[in-house]
Every structure is written in structure tokens, then in C-alpha cells.
6 protein chains.
Amino acid sequence: MSINAPLGIVKRNIVRADAAAADQLGKYGTATVHEAQGRIGLMQTYMRPIYPGAQISGTAVTVLLHPGDNWMLHVVAEQIKPGDIVVAALSSANTDGFFGDLLATSFKARGARGLVIDGGCRDVKTLKEMDFPVWSRAISAEGTIKATLGAVNIPVVCAGLSGNPGDVIVADDDGVVVVNAADARKVADAAAAREANEGDKRAKLASGVLGLDMYNFREPLAKAGLKYID
Amino acid sequence: MSINAPLGIVKRNIVRADAAAADQLGKYGTATVHEAQGRIGLMQTYMRPIYPGAQISGTAVTVLLHPGDNWMLHVVAEQIKPGDIVVAALSSANTDGFFGDLLATSFKARGARGLVIDGGCRDVKTLKEMDFPVWSRAISAEGTIKATLGAVNIPVVCAGLSGNPGDVIVADDDGVVVVNAADARKVADAAAAREANEGDKRAKLASGVLGLDMYNFREPLAKAGLKYID
Amino acid sequence: MSINAPLGIVKRNIVRADAAAADQLGKYGTATVHEAQGRIGLMQTYMRPIYPGAQISGTAVTVLLHPGDNWMLHVVAEQIKPGDIVVAALSSANTDGFFGDLLATSFKARGARGLVIDGGCRDVKTLKEMDFPVWSRAISAEGTIKATLGAVNIPVVCAGLSGNPGDVIVADDDGVVVVNAADARKVADAAAAREANEGDKRAKLASGVLGLDMYNFREPLAKAGLKYID
Amino acid sequence: MSINAPLGIVKRNIVRADAAAADQLGKYGTATVHEAQGRIGLMQTYMRPIYPGAQISGTAVTVLLHPGDNWMLHVVAEQIKPGDIVVAALSSANTDGFFGDLLATSFKARGARGLVIDGGCRDVKTLKEMDFPVWSRAISAEGTIKATLGAVNIPVVCAGLSGNPGDVIVADDDGVVVVNAADARKVADAAAAREANEGDKRAKLASGVLGLDMYNFREPLAKAGLKYID
Amino acid sequence: MSINAPLGIVKRNIVRADAAAADQLGKYGTATVHEAQGRIGLMQTYMRPIYPGAQISGTAVTVLLHPGDNWMLHVVAEQIKPGDIVVAALSSANTDGFFGDLLATSFKARGARGLVIDGGCRDVKTLKEMDFPVWSRAISAEGTIKATLGAVNIPVVCAGLSGNPGDVIVADDDGVVVVNAADARKVADAAAAREANEGDKRAKLASGVLGLDMYNFREPLAKAGLKYID
Amino acid sequence: MSINAPLGIVKRNIVRADAAAADQLGKYGTATVHEAQGRIGLMQTYMRPIYPGAQISGTAVTVLLHPGDNWMLHVVAEQIKPGDIVVAALSSANTDGFFGDLLATSFKARGARGLVIDGGCRDVKTLKEMDFPVWSRAISAEGTIKATLGAVNIPVVCAGLSGNPGDVIVADDDGVVVVNAADARKVADAAAAREANEGDKRAKLASGVLGLDMYNFREPLAKAGLKYID
């Protein structure tokens, strides 16, 4: 969590990252985007998709929840705009099942593309059927109450990474990456550049060319002292 | 484990929960059943299905195993009646592969619907092909010996939850829930009531109605001090 | 890791286990092979396949990596021969994404059947599409650098188990097993013997015969003091 | 937790184990008592003393708490009698700091000898100064609220072990052991018998006699096939 | 980490919290301060003191490190002023021993009161003799290199909590709490108020008065439905 | 474990590292020795001393145990010579209490300086009073049986690190380091060289000289792009 964030607040107007850049980043996936922005911005690896195969990107609306209480997920629903991804942080560690198929129905109706939650999720079978992807730290049938105020669209810390409303979220089978809203276009361009020559590299490697030769690693390896023995 | 349980005992006659109620509970799944019985009865979240998609319910036959020893799984097989689910507890924490395809063949022949084990499972590929679902704390090829007596149909503690033979087990992708045999009908009715109006709620949410309005949360949120800012 | 292993060394000529035995072991899978060699040789259970269903065997080429550095994976690629499986150990614990689709393309072109890595893997969606199986301790989009020398084809410790280049690796949904190169034929024969009578056992159990009777457990259980009560 | 336990209940009259036996068991410590009752009854090893050196025994008064809520600790305080140890279970996993120096002052005034809690503890420095020992799963400054009913003196599951009010608790640097109230005298006698010849054994071993000879292990080891090589 | 933080930057001028408030907060300890600021601001509970008994407070100078690299700890040393506590965050999870007695000598000479590090620490015996307290996620003899730029005095995420240079750090046996620089005086006053009547409460509880009566819990408990049975 | 190790074997004659070098290494402690041998040889950080403050070195006698079975600890006792440290590996992960005060009495009588065990230990209070240090992965009162053959003085994998009988073990509050027998003298000399100029460095740092200046880091930091801002 962020202790700078005021509780009991819903911020309605946030500056979302450029939509085209946000959409484009999703095509590259987390590994490429993470590299493209200088190898930063990956949430901790305990954040896993509840089912394999989904790959999304979108702009973050953020929400801070308290352990065992999902009241604010109903509050954040109203702030969702088409193309958003909800990022739910917790004030302290908890694995209860904050989110299920009813909330997913609501989020989807508002245009959300998915949820990233530093807590538990349930109804995973139905969520898969609905094609509403979630990245969470746990799967749990444990229900939650609706009793305590958190906050919406404040800076949060989710899975060890700080993020702000409007940032770009990229999520796939490899994890969840956050890109600063202001850097979205620049990172998208860098990611595009990385991808551009991947096809060529892949073809070379598939034909049997070694990375040792393609990347010219033999000389620096020898300089570093690598020795071949029989 | 339960230190009240005598070792070296197989209890043959147990009072199983009402079969109709036990069957009915499986339709609702763990999240609904957990809520319906007052948000209790979920095993710890490390209990995961060995493959996704299975959703079962049934009456518990229980067995206490010792680490690295699966002898009692052969003993419990004889006590299985059609509609049962085997619940295997351990006398101390262990992740060895106590259960595989041969035992599954035997359990299935006896009418078991699945296994819940606070230890490891193996042959998961074959178990999936057999459609014999298992919820376990680990997957492991590590084999076990047959040397030490445990007990069958005694009270057990499995994944942090105490249970008795004859209780109802509900298990799906969200985890494993236990319902007291005596409460099965009451909980099934409560679960049915919860389900009854879910279709209506889902339709409303899908049409864009917010939970804020559907559940009348705006007033209590305002009372709690929630503030909207721009 | 093994402190006996010299760093900065690539051993080119290794003695691989008998290819026929190595291939044969893969048919039985890890559970059977683990039993067949006297219930030893299973890597720790945190080693999981990045997608379900793959079952492979092959001869080990080994590589020692440093945390956050995958340079040596390019070096080991050149030492791969058809039928090999790469076994990557780490000098200290780390979950970064050392391996992705480009390296997989290269490994596959060299004839590798898969990778076992005591670290993280990325591009799992693409690896599944390529049908290139990996067993790893984590999935992570976190990229790595190319800066430090490790070693190739030295003895390694991977996931708590020591192994040597040329050993047989068997990997499936139940985990990863290592068989000494010198024991491959003997273990393959023992595994074959185990499998030979499994069909018969399975048929008996499926017909309702109990393991208690098929294995003659009733007498030793009674001797051990097992009591049946009502 | 135990789903058989009614919530919202405080049971005032419980049958405590024989006080002399309960006191006597503390002298032997957990390792001896655990052996003496047939190697059962140890809580999971994550239960650790908040400071080293304390060794206590007493009769259990039990309490079920909900995550993040310590209200029932004030309720259980009234049920403490001199010689008791409070055993606090949780309805689901949580590490908040449920217990601190003020509650310890109250518990001590009532005659409690210590606390065993399947959650977090705080004020550990002061608790050490007060000589009020606690065994917990975590240390945490995170405070708790007072809002939800649990129960007092019901059967509980604490750290993977079921226990009842009135049972004997033995706790020291090696962990926490539970002895059934009805077995307290029998286990105390068995523990005394174990201790009786330990002094003699210790003297022999200290003089250089090997366990191999003192326990006559050489013959069974040879029978099992142990071979000595040079 | 915070992806908003520029790498390769050392910020020299930071606004430190009011020194008197920072000093005063240390007297109350983490549990009281955490409560006083509305039950927020505790780092995750895996952050533990390397030896028991230290209780400190001070103003944060922050540093971002990369796994296995402690170069920036030498850079941050120059920015330490008397009364500071160094807060070291990592760009990804790692437990190497970043900090030992030589750096502690340097930090101490600059006036630092301690270190909070989301990684490993070594030389703990010497650090204890030096009375230089450290809160860390691990203890490890594993050394680190000096090769990569991080940043100094930028916003960081340490042990799941975001913090800024100049914030107040309070650390003791119960964990680590962060107080916003701007709130230091207000929180110190609130903590003082909490402490003021603790002596009186403690005396009452020590005399046998129950929290049930002292806090007037009997009526709300009855209203919530608590029942006493025999 | 090592699958190359024959079970059921006790090797009586092992080549121990040079005694003087082994003794000397203990003076430097694990952090210095780890650095001196090229930053390798540290066991995983879950290996912790059962009480703080001990610092030892000695020559390894190794033993392989099976989960829940400490029979071979009696066998290895006979192979201990003065100056040895017993290194106990397990065939699969387990935290039972394999070792307690009686075995410690025997080991001490044989001249052992301590125990390193990849499992659990008990009687820690007594072991501290006896001044017999143990590094273990857990503390547990759970007793073990004496039923299965392991092996003595074979190569083992302990806490992720392979080791051989006769190697030097160095253990202190920072963990456990293994030095190859053949390298003991060389590593001792390198450690001595590291220590030689530490006093001078410590004095400089204590006087306020910065590591930035003492190690001439300013120039390489500037080259790497470090920028100071206000």
C-alpha cells in the first residue's frame, strides 16, 4: 500500500495513458514490454493468471481494499471506462476470494478488460467461460464482507510495485507489467523496435545458426576467459 | 491431525449425510456453499485441483496417513460406498505422491467421486484421462511405502479444517468446502436460495446496472464517509 | 551448485547414457522410473511443467548459470545433440526469466527435447505453441543480462539433486527424475518389469478386486494390530 | 477451525486435565511428551516462541478468532483460571498482531501461564520483560479491531492440530504439544519413565559409549545390509 | 520498486521530517505508532531485526539496489546525516548479503541509526557487537558485486510499502513502520495521547479488572449475540 | 541428495582437509571465506543456527538420512574424529527433529564441533546449555524412528550444495559455507589476505572516510552515468 494515499476517497477524473499506445503494448506481451522499458515494472511472480492463455493490456483504474472486504470493488466499478483494467491493492496481505462472477459481469458491462488483484479470486471456472481474465495471488472460495472504506484511483502498491491510475497494464501468462502513463508511447515504440527484428532472428536460429554467432558472443566469452575442454 | 483419534482403527459404519442434499450441494460449488453456511468450512487455499474444471460433491470417508506411507489408502478403499469422496489427512506435513492411477482405478470401481488429500498426488496425466479428480497440496512422483497403521473413518484435520466421516465435501476450482452431515439439508436450502436470485442479479449487472445501485450501497458508503473528488 | 565444478569451462565430449534406454525410460514416466531405481532421484517438487501434458526423456547436457544472467544458455546450445535435455542449475536461488521463445527455437533446432531449469522461464504461451516443454521453479517475464561466465557439462545440483552430464532425464506432469547414465539400461529394465503387470492389476482393481486382497495386505495389517469396529 | 463449533458461544464450565499431571508434563518438555504419547500431538513447526528459553505447561482454554479481530481475547480472559494456557485459533489464516502487553497484563493477572496463537503477536520486547511467553505464527505490529463474535472453550484447530478446552498444553523452544485431558496422567507417567533412564544413557554416551552399542543397533543394521568399506 | 523513479540519480537535498517528532516516535515503538496513524504503514512481516531488542527511529534516506549488487550502498553513505535511517529497496526480490560490518562502520560514522533492507544482511554477530541494528528479509553470507547503478533518495517500495526520502522510520522487535514526513508531528501527538492513558489501563488490568469491563464490551458483545453456556 | 551415492554403505577412511587450514578458516567466518573462494559454496539461507553466536569450522563427515528416520546418526557417530562437523543430508525434504541432546552428548564425546542438518533439530535449549551448535532447516519436537539404511561418508547434497566427506565446513550466524578439502589451504590464505587489510579499512571508514573515496568509486560511477541533483 501507499501511506500517502488518503482513504475514503474516489477520484473520478484521471489522466489515462494514450489509448493507442496502451492497446499496442498488449500485442507484445509482458516479456517484450518489460525489456523495452529498461527491464523494470514487473509485479512479483506470485501474480498468476487464473487460467492460461489470456493476453491483455489497458489503462489502470486503481482501488485499495482491506483484508476480507470487497466493498470498494463495487465503488471502482462505476469508474471503469472501456479499455480499463482494474488494479486492486490490499492494505495488508490476504488471500480471500474478493472477486467472482457477479462482479466480473458488472466490470465487463462497464468495458473492463480484466482484473489484477493482490489477493484471492473465486468462481474461476465461470470467469474462464466468460473470458474475463484475472491475475491474482491466490484462488479462494472464501467470501468477503462489505464494511470498510478503501479508496479509488489513488497511487497503490500492488505485488511489490507502485502504480498510478492511468498507467498501462500489460498481463499475460508470464505475469503483469506496469508502464507509466507518460511513457506509454515511448515504450510502445521501443517494444515495436524489439519485435521488428525478432522474426529474422527466429528464422536464423530455427535454421541452426547459434546465438553465439548471431549475437557475436564468441569473442567476449573468450575475453571473459571461457575455455573449451574435451 | 486429531489427537483424539485412536490409531489402528477402521470404523465400518458411519452415518452419511443425506444423499440428496450432498448431491445438490455440488451443483452450487464451493463459493456459494461456503457463503450459505455462514462463511465457514473452507480448507486452506493450498489445496488445489490437479487439473482444472472438475466440480464434485459427496460424503466423506476419512483416513489418517503417516508421511511417506500410503498403506491405509488400500484399507479405506473397502469402506467406500458409491457417492463418497475420500478425505486423507496426514499425521505430519508431507508432500510425497501417496496416490496414483492404480488406487484411482480401485477407488472409482468402489464408487468414489474423488479424493481430497493433505499430501501429494502422482500420475496426474492419467488421472485426468480417467476423469478422477483429486485436490492435493502437491504433485509429486515420490513413491510411498506400506508399513504403518493409521486409521479409517475417524475425525481428521485436513488442510487446517476438522472434519468427520459422513460430512459433505464440495470441491471445485475454487477449493474444498466441508459441510457438517447434520447441516447438509439446511445448507443446501440456503445455497439454493442464494442461487435463486443470482440470475436476475447477473442480468441487471450485465445490462450495466451498478452494484452500487442494485445493492443500495450509495447511502451506507456516504455515511461511512466516502468522498468523490475530481 | 557444486563447488567442485570449475567455472569458465565448457566440456565438449561427454559420455551420454545409452540412447535406447534413455528413450525407453520416457515411456514409463517419472513415477514408474522413480520406483524402478529404488525410490530415489526425484527433483524437489517445486519443479513444475510450464504447461500440462508433456512427457519426455533424454540425455542431460548441463549448464551452471548465475542469478539474472542467461549468457551460458547460448553457450550450452552449441553442445546440444539430438535427444538431449538441457539441465540448468543456478549458483544461487533466483526466479528471473532466463529462457524464452528465441532460445527455445535455437535449442529445438539443435535437437533438444526440453529444458529443466532451477530458475524462471518466460514466453510460456509461445513455448506451448512450439511444443517445447520446460520444467522450472517459476514463470517470470523478468529479463536477464549476458555478463558472467558459468560452466557447461559439469556436475550440477538442480532442485536439490546432483546430476552429471550424460545422465538420463525423465520429466512429465509429476516432476523430474534423474537416472545415472551407467544405470540407464538396468533401470529401464526394472521399469519395464513394473509396467508389465500393471495392466493386469488395473483390470483387477477396475473389476472391484481390492488392493487389500490383490496385494495380500489383510494378514500383515491384522498382525500390525488393525482393528475393525462398527 | 472446526466447523462443528458453534459461533457466538462462551462455555464457562470445562473439565480441565488433572492439575498435577498438567504441571508435571511441563518439566519434561515437548520432545519427551511428544514421544511419550506415541509421537503425536505436535503443532506445525511454524509455531515459534517469541523469545527463547521459556518452557511451560498448563490446561487449555480455547478461543476462536477471526482475521484482524481480537475482541474475543477479552472475552476469553474472564474464563482463565490459574494454571491455564490460552489457545487461540483463527477462522482463516492471518498474521496480524492480535496480542500485546495490555492483554498479557490481564491474562497474567488471571493466572494464565502463556498464550499459543495461530496468528501474530506484538509488543514482544515488553512481553519478554514481563516473562509472559507466547508461541505464535508471526510477529507483527499490525493492530486488530473488535467487531466480530468468535467463540470460547469450543474445540479448535490450531496450527494443524485439533484440541479441546481442558487439554494439556506443553510448550518450549522445540514447539507446542497437546495432550488429551483424559490421557494426561498416563502420558505424564510414560514421560517420567522415559526421563528416568535418560541420565544413565547420557552418562554412558558422555563417556564415549556409542549408541550403536548402547542400543544394540549393530546387529539389526547388519541384518538390514549395512556394509563398512575403507 | 517504483517505476516512476529515475535510475542513475542521487538526490542530495531532501526535506526531512521534523527531527523532534522523528525522535519522539521512536519512544512509542511500532505498534503504538501504527495505531496512532490509523493502522497503516507497517512493512510486511518478513522484515525482521537481525538481533532482538533494538528500538530506533529516524529520517529515511532511500536507495534502490539491484539483486546481488551493493554498489549504491556506498553512494548512499555520503547522503546520510546524523539521525537518518537508510531504507534500501530492491528492483527485484533477492536475499544476498548486501550489507556487513564495513558498511556499518561507515554508516555509523556518518550518523546513521540503522538500516532497513528488503534483501539480505551479513556479519550479524559483529553488527550486534557494534550495536548497529538492521531489519532485513534474510541473513546471508552471500557477497555482492559493485557494477550497476540504482538511485538514491527517490521514492521506493520496500517490503510492500511505498516510502519517500525524509519520511520517519520506526523499527523495533515488532517490525518496521513508515510515517509520512508531513504527518510526523500529528502522528507523534496521537501516539503520545495513546501512551498517556496506557499506564492507568495497565494498572487496572494488573489488578484483575477485565478488559470486558474496562472497555465496556459486555453490552456490545451481548447485542452482537454472545451467549454464555455452562 | 546425490543419486550417485550407494545406500547402505559406511566409508571408514576419508581424506580430511588439512587440520590447520580447517581450523584457521573458522576464525574468518562464513562471509569472508565465501568471498575468499570466489563467492561460492554457501548453503541455502534457510539453514540457520539454533541459537545465535556460535562460530565454528571443521572437517565434514557426511551422512544421508531418510525422512523421519535418524538411525544413521548413530552410525555416523562412530566415524567422528576430533575436529569434525557432521553434515546430514536428507533423501527428501523433511523437518522432523532428527537430533537432540542425547545424540549431541555422543557426538561431543567423539570430538564433533557441531552439526549441519538439512532437516529439523530438537532439545535446542539443552543444546545451547551444552554449547553444541547446530545449523538446521527447522526446529521441531517431532521424533524419528530407526528403521532405514542411509549412508555415511558419501557425497551429499545439503541445502542445495554438494559436499564431500573431508571438506571444510565453516558455520556462524551468517550461514554455512563448504570449502573443498583440496582447496582449504589456498582459501585460508586468501581469507587471511582479505582480513589483513580490513582493520585498516575499518579504521578509515570509522574516521568518516567514505567508501566512495577509499575504493575510488567516484570515477567508475560517473562513467556509468550517475548524476547528482538537488
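Things to note:
- Screening chain A for whole DSSP H helices with an alpha carbon extent of at least 20 angstrom along the helix axis and a mean Kyte-Doolittle hydropathy of at least -1.0 yields A:19-36.
- Share antiparallel - DSSP beta bridges, the stretch C:83-230, percent rounded to 5: 40 percent
- Radius ratio Rg over Rh of chain B, counting only Cα atoms, Kirkwood formula for Rh: 1.07
- Under a Gaussian network description of chain D, with springs only between Cα atoms under 10 Å, the residue in D:Ala193, D:Ala151, D:Ala171 that fluctuates furthest is D:Ala193.
- If you take the Cα centroid of the stretch C:88-136 and the Cα centroid of the stretch A:134-197, the two points sit 25 Å apart.
- Using a 7 Å projection from Cα along Cα-to-Cβ, the label point at C:Gly208 is separated from the same position in the remaining copies by 6.1, 6.1, 6.9, 7.0, 9.3 nm, smallest value first.
- Beta carbon of chain C nearest to the axis of the rotation taking C to A, residue and angstrom distance: C:Pro52, 5
- Rg then Dmax, both in Å and based on the Cα atoms of the protein assembly as shown: 30.4, 84.
- Relative contact order of chain B, defined on C-alpha pairs under 8 angstrom at six or more residues apart (%): 30 percent
- Inter-copy spacing of A:Glu195 label points, which lie 7 Å from Cα along Cα→Cβ, given in nm from shortest upward: 4.4, 4.4, 5.8, 5.9, 7.3
- Cross-link partners for D:Lys125 among the lysines, with Cα-Cα distance under 22 Å and sequence neighbours closer than 8 places in the same chain left out: D:Lys108, E:Lys27, E:Lys125, E:Lys128, E:Lys201, E:Lys204, F:Lys125, F:Lys128.
- For B:Lys27, the label point sits 7 Å beyond Cα toward Cβ; its separations from the matching points on the remaining copies run 4.8, 4.8, 6.3, 6.7, 8.1 nm, from shortest to longest.
- Computed over the stretch E:102-148, the P(r) curve from all C-alpha pair distances, binned at 10 Å from the origin, holds 25, 57, 17, 0 percent per bin.
- Placed amide H near D:Leu65: partners under 5 Å, 5+ positions off or other chain: D:Ala89, D:Leu90, D:Ser91
- With the largest listed first and rounded to whole Å, the semi-axes of the equivalent ellipsoid of the stretch B:121-230 from the Cα gyration tensor are 43, 20, 17.
- Take every pair of alpha-carbon atoms less than 8 Å apart whose residues are at least six positions apart; their mean separation over the length of the stretch B:18-68 yields a relative contact order of 54 percent.
- FRET E, pair B:Ala206, E:Met130, Förster distance 60 Å, beta-carbon r, rounded to 0.05: 0.40
- As a length-normalised measure over Cα pairs under 8 Å and 6 or more apart, the relative contact order of the stretch C:97-230 settles at 15 percent.
- Computed with the Debye formula from one identical point scatterer per Cα of the stretch F:168-230, without solvent, the log10 of I(q)/I(0) at q = 0.15 Å⁻¹ comes to -0.76.
- Semi-axes of the equivalent ellipsoid of the stretch B:1-80 are 26, 17, 14 Å, computed as sqrt(5λ) over the eigenvalues of the C-alpha gyration tensor in descending order.
Where a number appears in this text, it was derived from the coordinates with a stated rule and is not lab data. Nothing here was measured: the structure is a model prediction, and the numbers come from that model. Note that each Cβ is placed from the backbone with ideal geometry, even for glycine, and that neighbours are counted across all protein chains shown.
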